[in-house]
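J.: Here you go, one structure.
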């Protein structure tokens, strides 16, 4: 690829990404993208396998003179966090991503872009077409990374045990090599709602919007607010000004996203002017406590098919939201070591549900969160459902990171940071399947992922593609 210009690489990779963007692929709905990738590589003449959970495994034979090179795995995930701006009609299981490009960025029209991890897929597709010198390669495309890492968990270990190197293409800063990540555990809290007739005529929707949000691993240390927790706190504080009957609370888009928007339905006897003044003060409190300059409470008249949540039950919801930990819990150096996030709240007539995700690089801290969750649920009469555990990983003595850092310096003149990250990626499961794998994670610069503001920095596409290509040549000659 030495004779291919950076612009040609960029345009070639983006051509592949456009194909991916046309295929809806939210977590749990990867059937179409899985079938596309299986057929895409089969048509190129490569062995292409689709397993029972829709992971796709592609075997690419070595080129001439590289027959003795060690097997290297390139891996990316197929699913994306598919969210849209407030008020934008978008069906994530049916609608394609509409792309917008300027000189610096690629973004989507009022939705998330899916560069996490569509760019990893697109680069691998481009590599398969254009790289002429490499050892034996195996491409692995997994499902459900964003919602529980089911694909990595269910991947047959035989696809990893014969490999020496693994390059995970799912990181978000092009000048960073990741050599470790935090583990996490999914949790759900459910509360059965006792309701009574609404006694107040003034039924309102209160929406909190404008918070920064972002990925709950990468952005949890930015001192942003959690819209769900902040809104419930604000509703509780309104009781200082009059009667408030809680009817519903909803917000957030995914467990691993810090919610930037939440809404509640209440009935109240508080007059309009007092209500607005009280909510303005709540907004100022968000500004004083967090780095939230654009938080706004919007009040609208509403209707409800539900009754009011009984006061004793509402009090337990307020107590739960006040006591559950959201945000950084402990730091290790300049990155979070342990954190937690409520990502989704949803209410129907009979049940309120919260989705919760603690992360930590220390397994014992996750055990501690399980214990705390059970106690809090018992005290506030919620049901705690402890879900799947994603494995952490730390690569202390691998050689691949140093090789890639040297190549990156030669390509860009920049020093590549080698560090661990607080977000979770699938490498922990790969390491468990083959502890001898030399694993790194890299990727293009993707900003504000998991949000409608997500964007890909175009200038980082060619360097990362060249880095992978030259690494495959280099390790083929070691």
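The values are calculated or read from the model by the stated rules, or taken from the named source; none is laboratory data. Predicted model, so just to flag it, every value in this text is computed and none were measured. Heads up, the Cβs are rebuilt from the backbone with ideal geometry, glycines too, and the neighbour counts pull from every protein chain shown.
J.: How many residues, within segment 385-429, are within 20 Å of residue 467 (Cβ to Cβ), outside any loop (DSSP other than H, G, I, E, B), touching a strand residue (DSSP E or B) at 6+ places or on another chain (Cβ under 9 Å) and in contact (Cβ under 8 Å) with a residue 40 or more places away in the chain?
T.: 11
J.: Give the residues of segment 438-448 that are assigned to a loop (DSSP other than H, G, I, E, B) and either surrounded by fewer than 22 Cβ atoms within 10 Å (Cβ to Cβ) or assigned by TED's automatic domain parsing to the domain that holds residue 219 (or both), sorted by residue number.
T.: 448
J.: Going through segment 307-340 one residue at a time, which ones are in contact with a helix residue (DSSP H, G or I) (Cβ under 7 Å, 6 or more places away or on another chain) and on the phi > 0 side of the Ramachandran plot?
T.: Answer for segment 307-340, where residues must be in contact with a helix residue (DSSP H, G or I) (Cβ under 7 Å, 6 or more places away or on another chain) and on the phi > 0 side of the Ramachandran plot: just 327.
J.: If you take the residues in segment 292-306 that are farther than 16 Å from residue 206 by Cα and in contact with a helix residue (DSSP H, G or I) (Cβ under 7 Å, 6 or more places away or on another chain), which one is surrounded by the fewest Cβ atoms within 10 Å (Cβ to Cβ)?
T.: 293
J.: Would you pick out the residues in segment 55-64 that are in contact with a strand residue (DSSP E or B) (Cβ under 9 Å, 6 or more places away or on another chain) and either buried (at least 16 other Cβ atoms within 10 Å of the Cβ) or under 22 Å from residue 24 (Cβ atoms) (or both)?
T.: Scanning segment 55-64 gives 55, 56, 57, 58, 60, 62.
J.: Continuing with the same structure: I'd like to know if segment 8-19 contains one or more residues that are surrounded by fewer than 22 Cβ atoms within 10 Å (Cβ to Cβ) and either under 15 Å from residue 112 (Cα atoms) or at pLDDT below 95 (or both).
T.: Scanning segment 8-19, I find at least one residue that is surrounded by fewer than 22 Cβ atoms within 10 Å (Cβ to Cβ) and either under 15 Å from residue 112 (Cα atoms) or at pLDDT below 95 (or both), so the answer is yes.
J.: Quick check on residue 312: is it touching a residue at least 12 places away in the same chain (Cβ under 8 Å) and in contact with a strand residue (DSSP E or B) (Cβ under 7 Å, 6 or more places away or on another chain)?
T.: Working: touching a residue at least 12 places away in the same chain (Cβ under 8 Å): yes; in contact with a strand residue (DSSP E or B) (Cβ under 7 Å, 6 or more places away or on another chain): no.
No.
J.: If you scan segment 94-103, which residues turn out to be surrounded by fewer than 22 Cβ atoms within 10 Å (Cβ to Cβ) and in contact with a strand residue (DSSP E or B) (Cβ under 7 Å, 6 or more places away or on another chain)?
T.: Those that are surrounded by fewer than 22 Cβ atoms within 10 Å (Cβ to Cβ) and in contact with a strand residue (DSSP E or B) (Cβ under 7 Å, 6 or more places away or on another chain): 98, 99, 100.
J.: Are any of the residues in segment 134-144 closer than 30 Å to residue 66 by Cα and under 17 Å from the mean Cα position of the chain (by Cα)?
T.: Our first condition is that a residue be closer than 30 Å to residue 66 by Cα; within segment 134-144, this holds for 134-142.
So of that shortlist, the ones also under 17 Å from the mean Cα position of the chain (by Cα) come out as 141-142.
Taking every residue of segment 134-144 in turn, at least one turns out to be closer than 30 Å to residue 66 by Cα and under 17 Å from the mean Cα position of the chain (by Cα).
Quick grid of which residues meet (1) closer than 27 Å to residue 467 by Cα; (2) surrounded by fewer than 19 Cβ atoms within 10 Å (Cβ to Cβ); (3) without any contact (Cβ under 8 Å) to a residue 40 or more places away in the chain:
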residue: 21; (1), (2), (3): yes, no, no
residue: 43; (1), (2), (3): yes, yes, yes
residue: 46; (1), (2), (3): yes, yes, no
residue: 80; (1), (2), (3): yes, no, no
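J.: From the list 154, 200, 191, which one is farther than 21 Å from residue 454 by Cα and not assigned by TED's automatic domain parsing to the domain that holds residue 254?
T.: Answer to the selection: 154.
J.: Would you check if residue 186 is in contact (Cβ under 8 Å) with a residue 24 or more places away in the chain, surrounded by fewer than 22 Cβ atoms within 10 Å (Cβ to Cβ), under 29 Å from residue 355 (Cα atoms) and in contact with a strand residue (DSSP E or B) (Cβ under 7 Å, 6 or more places away or on another chain)?
T.: It is true that residue 186 is in contact (Cβ under 8 Å) with a residue 24 or more places away in the chain, surrounded by fewer than 22 Cβ atoms within 10 Å (Cβ to Cβ), under 29 Å from residue 355 (Cα atoms) and in contact with a strand residue (DSSP E or B) (Cβ under 7 Å, 6 or more places away or on another chain).
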